[in-house]
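Scroll down for the structure; my scribbles are underneath it.
The values are calculated or read from the model by the stated rules, or taken from the named source; none is laboratory data. The shown structure was predicted, so the numbers you read here are calculated from the model rather than taken from an experiment. No Cβ is skipped: glycine too gets one built from the backbone with ideal geometry, and neighbour counts run over all protein chains shown.
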Amino acid sequence: MLKKLLPPAFASTLFCTLVATFAMPALADEANVKKAVESKLGSKVSSIAKTAYFGLYEVYIDGQIIYTDEKVSALMIGTLIDGKTMKNITEERMQKLNAIKFSDLPLDLAVKQVRGDGKRVFATFEDPNCGYCKKLAKDMVKLDNVTIYTFLYPILSPDSLEKSNQIWCSADKAKAWNDWMVDGKAPGGKGDCDTAAVQKTVETGRKLAINGTPTIFFADGERVPGAVPVAKIEQKLAQTPGK
């Protein structure tokens, strides 16, 4: 319901944009605001907190932040900027709300690549037919002294699932992945081995509300969606404790 109401184009809006208004009686606390939002949007609210701005409540729902008042007279989505510091409040909160415990990731389901000493660790969820994932794969060839866990996350098409299965069934999974993503050499495996890991990865991704690829998770649990420049990956790895 929320995704239908809130198109992706709103995600980069500088100011909160009005998307719906409701005539409702005053709501006294967070619990009532939470109940009202869930009723209107048909999705479960993950967390709710009152902000320091205009009496607005921050509502985290379906992997997104929306803002509302205590009467839920309006729902807003967009980027909240602090007028004094010019800090992106929404971005800072999203980093915290989307963070995970890295050790909870089922790393045995991922394609593992170790380069150099392998001390710097991160994980990605990627679809083999994702253009941005291919760009990321080509950029990450430049990284050294890393351990990369690549979760095959086929969400774009049936062919994505077929290619993921073929890569998983290859004798050298990492080579098959890089051959395809970096060099464009299609995987030659039949995909007829036990591919339960691929399905389990899809289930894991859904639980983590991963709606696009690539999505990167660093060792400190921070989630970064999209094909970020390799320089930013290097910067983050330098700040994040390794093995």
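Could you run through segment 128-166 and say how many residues are more than 25 Å from Leu237 (Cβ to Cβ) and part of a helix (DSSP H, G or I)? I'd like the intermediate steps shown before the answer.
So the first thing to find is which residues in segment 128-166 are more than 25 Å from Leu237 (Cβ to Cβ), and the list is 129, 154-166.
Retained after the next criterion (residues that are part of a helix (DSSP H, G or I)): 158-166.
Qualifying residue count for the region: 9.
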- prompt: Just checking, which of Leu156, Leu136, Leu161, Leu143 is assigned by TED's automatic domain parsing to the domain that holds Ala123, of a type in the set (A, V, I, L, M), touching a residue at least 40 places away in the same chain (Cβ under 8 Å) and surrounded by 21 or more Cβ atoms within 10 Å (Cβ to Cβ)?
  reply: Leu136
- request: Kindly indicate whether any position in segment 75-97 is touching a residue at least 24 places away in the same chain (Cβ under 8 Å), more than 22 Å from Gly55 (Cβ to Cβ) and not in a helix (DSSP H, G or I).
  value: no
message: If the requirement is being more than 20 Å from Ser157 (Cβ to Cβ) and surrounded by fewer than 15 Cβ atoms within 10 Å (Cβ to Cβ), which of these qualifies: Ala238, Ala219?
response: Ala238
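Would you mind stating whether Asp108 is in a helix (DSSP H, G or I), at pLDDT 95 or above and charged (D, E, K, R)? Explain how you work it out, then say what you get.
Numbers: in a helix (DSSP H, G or I): yes; at pLDDT 95 or above: yes; charged (D, E, K, R): yes.
Yes.
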query: Which of the residues belonging to segment 167-189 are in a helix (DSSP H, G or I) and out of contact with any strand residue (DSSP E or B) (no Cβ under 7 Å at 6 or more places or on another chain)?
result: Lys175, Ala176, Asn178, Asp179, Trp180, Met181
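Could you check segment 206-220 and list, in sequence order, the residues that are in contact (Cβ under 8 Å) with a residue 24 or more places away in the chain and outside any strand (DSSP E or B)? Before the answer, list the steps.
Step one: filter segment 206-220 for residues in contact (Cβ under 8 Å) with a residue 24 or more places away in the chain, giving 208-211, 213-220.
Leu208, Ala209, Ile210, Asn211, Thr213, Pro214, Ala219, Asp220, listed by residue number.
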message: Exactly one condition in (1) modelled with pLDDT under 90; (2) closer than 21 Å to Thr204 by Cα; (3) crowded, with 18+ Cβ neighbours inside 10 Å; (4) out of contact with any Gly (no Cβ under 9 Å at 6 or more places or on another chain) is false for Gln95; which is it?
response: (3)
